[in-house]
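Input: a single structure, listed below in structure tokens.
The values are calculated or read from the model by the stated rules, or taken from the named source; none is laboratory data. In this text, all values refer to a predicted model and were calculated from it rather than measured experimentally. In this analysis, Cβ positions are derived from the backbone assuming ideal geometry, glycine residues included, and neighbour counts consider all displayed protein chains.
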């Protein structure tokens with residue numbers, strides 16, 4: 001049986017998410033450009049595996065989705081002069097930074113919905129997917145690169161897929 | 001009869017998956033089987049030996065093993081889709097039909113003795129009991145069980161490691 005490339009299978013899966021599919025996706029390394037996304041597989045730790053007495057093994061596939069977004073230096077709270085001549089705060093949420101973070105949040109919500117519906121990536125016949133989850137409830141702002149034009153923020157969404165590998169089982 | 005040797009290389013350890021416990025029961029006219037231990041990380045047959053020891057006037061001990069009461073616990077035993085035994089035990093639990101817990105046959109297959117061509121050594125215990133111990137858990141529903149072997153043993157071998165194996169008693 002040919003080995004299943006979990007990265008490719010996961011890319012097939014994650015591309016079903018509209019907020020991912022509408023932008024360029026890179027694997028492992030990416031060009032830092034506005035709206036580029038990057039799939040970065042992370043190391044599966046030996047301690048992440050659990051062996052069961054029937055020969056099956058619980059494993060995890062970990063990856064980060066990195067999202068590059070241009071940043072805006074516009075305040076969301078400004079001061080306006082009221083009718084009495086006194087300055088009062090004015091809040092606007094029409095802000096690019098907030099919109100950019102919404103993309104990551106949409107991905108997180110999509111993953112949660114797929115997990116609830118047990119819609120999982122296809123890791124092959126010998127893998128039973130247990131769950132697909134994100135590591136955080138909100139996208140993480142990893143940092144901003146101000147030297148780029150425009151300056152870019154890097155957001156990340158961590159993903160953990162837990163699956164049962166039955167390939168070493170001797171019981172059929 | 002010569003003692004069968006392990007089918008392992010010198011100093012090779014037997015992987016845990018080579019020791020299998022299979023439950024068998026009848027559902028109507030259909031014989032059902034299920035391998036025990038799915039999602040269980042650690043489970044052993046505990047022999048619970050009853051011993052008596054006497055000491056002679058020279059201080060030498062003589063220990064007799066009067067009986068064993070083999071028992072194997074499976075914790076967790078998760079409620080899993082597709083598990084016929086889980087559904088069976090849950091139905092017994094719901095009806096509190098305790099006498100039905102003692103209608104199982106248990107096979108203990110030692111797959112480190114034998115091979116695919118000659119079959120694998122196994123022992124068959126009839127009239128065994130499988131008991132549910134609790135129901136609940138945290139993220140997933142767990143119903144830990146204990147399997148009590150009857151010691152009404154027929155030694156033999158199974159022709160393969162699969163749900164439709166044939167058990168053949170030793171000659």
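This table checks each residue for (1) in a strand (DSSP E or B); (2) within 14 Å of chain B (Cβ to nearest Cβ); (3) in contact with a helix residue (DSSP H, G or I) (Cβ under 6 Å, 6 or more places away or on another chain).
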{"position": "A:112", "(1), (2), (3)": "no, no, no"}
{"position": "A:161", "(1), (2), (3)": "yes, no, no"}
{"position": "A:168", "(1), (2), (3)": "no, yes, no"}
{"position": "A:171", "(1), (2), (3)": "no, yes, no"}
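Do any strands (runs of 3 or more DSSP E) entirely within region B:34-99 hold 3 or more residues that are loosely packed, with under 13 Cβ neighbours inside 10 Å, and if so, which?
On the way: elements: B:50-55, B:61-67, B:71-74.
Hits in region B:34-99: B:50-55, B:61-67.
Condition test on residue B:133, is it closer than 17 Å to residue B:44 by Cα and either touching a helix residue (DSSP H, G or I) at 6+ places or on another chain (Cβ under 9 Å) or surrounded by 13 or more Cβ atoms within 10 Å (Cβ to Cβ) (or both)?
In short, yes.
Find all pairs meeting these conditions: Cβ atoms under 9 angstrom apart; at least six residues apart or on different chains; first residue within region A:43-60 and away from chain B (no Cβ under 13 Å); second residue modelled with pLDDT under 90 and surrounded by 14 or more Cβ atoms within 10 Å (Cβ to Cβ).
The qualifying pairs are A:59/A:48; A:60/A:48.
Out of B:83, B:44, B:52, I need the residue that is within 14 Å of another protein chain (Cβ to nearest Cβ) and farther than 20 Å from residue B:163 by Cα. Which one?
Values: B:83 fails: farther than 20 Å from residue B:163 by Cα; B:52 fails: within 14 Å of another protein chain (Cβ to nearest Cβ).
Residue meeting the stated conditions: B:44.
Filter region B:12-28 down to the residues that are exposed (fewer than 14 other Cβ atoms within 10 Å of the Cβ) and at pLDDT 95 or above, then identify the one that is farthest from the other protein chains (Cβ to nearest Cβ). So that I can check it myself, show each step before the final result.
Here is the first cut: in region B:12-28, the ones exposed (fewer than 14 other Cβ atoms within 10 Å of the Cβ) are B:12-13, B:26-28.
From the residues that got through so far, the ones that are at pLDDT 95 or above too are B:12-13, B:26.
Working: B:12: 15, B:13: 13, B:26: 21 Å.
Among residues in region B:12-28 that are exposed (fewer than 14 other Cβ atoms within 10 Å of the Cβ) and at pLDDT 95 or above, the one farthest from the other protein chains (Cβ to nearest Cβ) is B:26.
Taking the condition in contact (Cβ under 8 Å) with a residue 60 or more places away in the chain and within 15 Å of residue B:72 (Cα to Cα), does residue B:130 pass? Explain how you work it out, then say what you get.
Working: in contact (Cβ under 8 Å) with a residue 60 or more places away in the chain: yes; within 15 Å of residue B:72 (Cα to Cα): yes.
For residue B:130, the condition - in contact (Cβ under 8 Å) with a residue 60 or more places away in the chain and within 15 Å of residue B:72 (Cα to Cα) - is met.
With the requirement that a residue be farther than 16 Å from residue B:34 by Cα and within 14 Å of chain A (Cβ to nearest Cβ), what does region B:120-131 give you?
B:120 - this is the single residue of region B:120-131 that is farther than 16 Å from residue B:34 by Cα and within 14 Å of chain A (Cβ to nearest Cβ).
Just for region A:132-156: of the residues that are over 10 Å from the mean Cα position of the chain (by Cα) and buried (at least 16 other Cβ atoms within 10 Å of the Cβ), which one is farthest from residue A:96 (Cα to Cα)?
A:132
Would it be correct to say that residue B:68 is farther than 29 Å from residue B:159 by Cα and more than 14 Å from chain A (Cβ to nearest Cβ)?
Working: farther than 29 Å from residue B:159 by Cα: no; more than 14 Å from chain A (Cβ to nearest Cβ): yes.
For residue B:68, the condition - farther than 29 Å from residue B:159 by Cα and more than 14 Å from chain A (Cβ to nearest Cβ) - is not met.
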